[in-house]
């Protein structure tokens, strides 16, 4: 079932495509570069343990289609279109569509500096660390895709960049808020009480049409890459409030107005990478629904042994510590956690890569193990294998405890075109 | 050389100076007093100077990777190079195939003495990542080319020793040894063949840290652009230890395009296509 927000985004995309087609008709004489690429994946996820809640199944299969269409005109402007569609056999909520990208891009010069304008739906990533993307706030998380919060929904925005030797200043105006996606009743990796994402509530009277603003300054200074950011608007992270409804008790996402200041720094020195992400967030409520301004940070390092034992293999070790000043009242599961990970990059024709990480909650006994294997099969085919295992789950660790039986193994076969 | 002598000596010595210059030209193209190290450095400087002023160029690159059983695999990418007069060049590589890395882009700011700066753009995550440049000896996309074989060959990155002159095809080549300054280089030394006429690379032999002859690179199909700049159309790298090889073909060379500094920034990298 496609939700209304997705429909709106799709409609907007259709209008943009129409504009493009119309435009290309008008300038029929001008040469327009058109490219189509993307990927189709067949995926299968298996949960060895029985679900904690009735109607959950052991197995979910499906496919993903994510093409990308790119137009470029002779005069220099371009348009990107990336629709996304997933079908999932187990959870109807997880079968969903989105417009990841549908934006016009223009750029030019002013003296020694450069301007760039991106208008439409786009994805923007801020940050440097691997474990938990603290600073990254422009896009909503497409959580139903993967519990690692790496996948993001498209965001409608006007994005202006002004850059020069002094760095890059970026300004964002976002007129529409996307709701986070959550698993449905039949899905795994969900809390005991269903999150009803069809009925969100907002602090702002403008609801999802509140105009959000953000800005970021970034610069590379020798071995340092630094970013400073500010966001003022509708929180991407909802509070989950329980409500009685005709169907029984449900959790309703509530989106507050927040202000967040962010800092991200990376120091690259020989084979070392040192990373820091820190935020200060104001006007948000904690897990006990009390207003609490807080700081949180992720600090870590990565070291790579290149060409180990005279082979082509690179071996990396990384460690990151995530800390949230709200402690046990933190609204996420990363209040005081340590991530230790290793990566083996074989640098072979198949680009084989093995990644393994273990996340340890320092306040509870909970551990999470992730193993990923990526390998290219041919020029167009590739595969991924992933294992996510939760163990020693602490009953006190409320957020993880509800998904304690949801360890899984997942296989993807991708056709890239 | 002769011009310098004209400017700096009094006329009374001119005749003698000219005579000396002509004489040395016939005996040997180098000064007799120069050490092999000085001569090697001089040749490298001249070759570098010979290619100065190209400003920028773009080209398409196709690599065919072959293992010892003859199985082949192809890589396609687009290359953009910007000349930076007082420092190392800036390079941008955009990958077209294999399709799983389509749109991935690598930005390198080479430096004469400091380590290079490298950023990788991952289109699926829309993430620009600063990466370590300590992987100099690592394989470029699984090929037999290491990163250090492809990034700017700045004069300062090596010390030199002239060895000999010898025929190479119809031309005469100078053969020099060069030793990487960077301790992270995968090589102990390289043997370089440059022709005397145009100072083009014809062959490089790579010797690993244990001084074993690891790889040989040969250059073919040279073409001249803007009546000055020579570029090879074909480069073949053979790994003697593994029996693997990589053929790199260059096409659509375009010089002095509208590229500038702004295309080689982190913001420009996000737009790279």
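The values are calculated or read from the model by the stated rules, or taken from the named source; none is laboratory data. Small disclaimer: the values here were computed from a predicted structure and weren't measured. FYI the Cβ positions are ideal-geometry reconstructions off the backbone, even for glycines, and counts take in every protein chain you see.
State whether the residues of segment A:385-401 include one that is in contact with a strand residue (DSSP E or B) (Cβ under 6 Å, 6 or more places away or on another chain), more than 22 Å from residue A:328 (Cα to Cα) and buried (at least 17 other Cβ atoms within 10 Å of the Cβ). Yes, segment A:385-401 has at least one match.
Per the conditions (1) modelled with pLDDT of 95 or more; (2) within 14 Å of another protein chain (Cβ to nearest Cβ), the sole criterion not satisfied by residue A:270 is (1).
The set of residues in segment A:113-124 being more than 13 Å from residue A:156 (Cα to Cα) and at the interface with another protein chain (Cβ under 9 Å from one of its Cβ atoms) consists of A:113, A:114, A:116.
This table checks each residue for (1) more than 28 Å from residue B:266 (Cβ to Cβ); (2) touching a strand residue (DSSP E or B) at 6+ places or on another chain (Cβ under 9 Å); (3) away from every other protein chain (no Cβ under 14 Å).
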| site | (1), (2), (3) |
| --- | --- |
| A:213 | no, yes, yes |
| A:231 | no, yes, yes |
| A:276 | no, yes, no |
| A:280 | no, yes, yes |
| A:286 | yes, yes, yes |
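Scanning segment B:199-218 for residues that are surrounded by fewer than 19 Cβ atoms within 10 Å (Cβ to Cβ), over 18 Å from residue B:154 (Cα atoms) and modelled with pLDDT of 95 or more returns B:207, B:211, B:212, B:213, B:216, B:218. Do we have residue A:303 as within 14 Å of chain B (Cβ to nearest Cβ), more than 27 Å from residue A:278 (Cα to Cα) and either touching a strand residue (DSSP E or B) at 6+ places or on another chain (Cβ under 6 Å) or surrounded by fewer than 17 Cβ atoms within 10 Å (Cβ to Cβ) (or both) here? Judged against the criteria, residue A:303 is not a match.
Please work out which residue is nearest to residue B:253 (Cα to Cα), limiting yourself to segment B:56-72 and to residues that are buried (at least 20 other Cβ atoms within 10 Å of the Cβ) and within 13 Å of chain A (Cβ to nearest Cβ). Restricting to residues being buried (at least 20 other Cβ atoms within 10 Å of the Cβ) and within 13 Å of chain A (Cβ to nearest Cβ), the top hit is B:63. Each residue in segment B:169-189 was checked for being without any contact (Cβ under 8 Å) to a residue 60 or more places away in the chain, within 21 Å of residue B:145 (Cα to Cα) and buried (at least 21 other Cβ atoms within 10 Å of the Cβ), and 2 pass.
Residues checked against (1) assigned to a strand (DSSP E or B); (2) within 23 Å of residue A:92 (Cα to Cα):
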residue	(1), (2)
A:157	yes, no
A:160	yes, no
A:169	yes, no
A:172	yes, no
A:179	no, yes
A:192	no, yes
A:204	no, no
A:208	no, no
A:214	yes, no
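Within segment B:240-270, the set of residues being crowded, with 17+ Cβ neighbours inside 10 Å, farther than 20 Å from residue B:110 by Cβ and within 12 Å of chain A (Cβ to nearest Cβ) comprises B:244, B:246, B:270. Please determine, by comparing only the residues of segment A:351-368 that are buried (at least 17 other Cβ atoms within 10 Å of the Cβ) and assigned to a loop (DSSP other than H, G, I, E, B), which one is nearest to the other protein chains (Cβ to nearest Cβ). So, considering only residues that are buried (at least 17 other Cβ atoms within 10 Å of the Cβ) and assigned to a loop (DSSP other than H, G, I, E, B), the one nearest to the other protein chains (Cβ to nearest Cβ) is A:351.
Restricting segment A:52-100 to residues that are under 17 Å from residue B:103 (Cβ atoms) and touching a helix residue (DSSP H, G or I) at 6+ places or on another chain (Cβ under 9 Å) leaves a set whose member that is surrounded by the most Cβ atoms within 10 Å (Cβ to Cβ) is A:79.
Exactly one residue out of A:108, A:127 is within 12 Å of chain B (Cβ to nearest Cβ) and surrounded by fewer than 19 Cβ atoms within 10 Å (Cβ to Cβ), and it is A:108. Of all residues in segment A:258-267, those satisfying the criterion of being more than 14 Å from chain B (Cβ to nearest Cβ) and either surrounded by fewer than 17 Cβ atoms within 10 Å (Cβ to Cβ) or modelled with pLDDT under 95 (or both) are A:259, A:261, A:263. Take the residues in segment B:186-220 that are within 22 Å of residue B:43 (Cα to Cα) and in a loop (DSSP other than H, G, I, E, B), then tell me which one is farthest from the other protein chains (Cβ to nearest Cβ). Once the filter is applied, the top-ranked residue is B:197. For segment A:38-45, the condition of being closer than 22 Å to residue A:417 by Cβ, within 14 Å of chain B (Cβ to nearest Cβ), surrounded by fewer than 16 Cβ atoms within 10 Å (Cβ to Cβ) and at pLDDT 95 or above holds for at least one residue.
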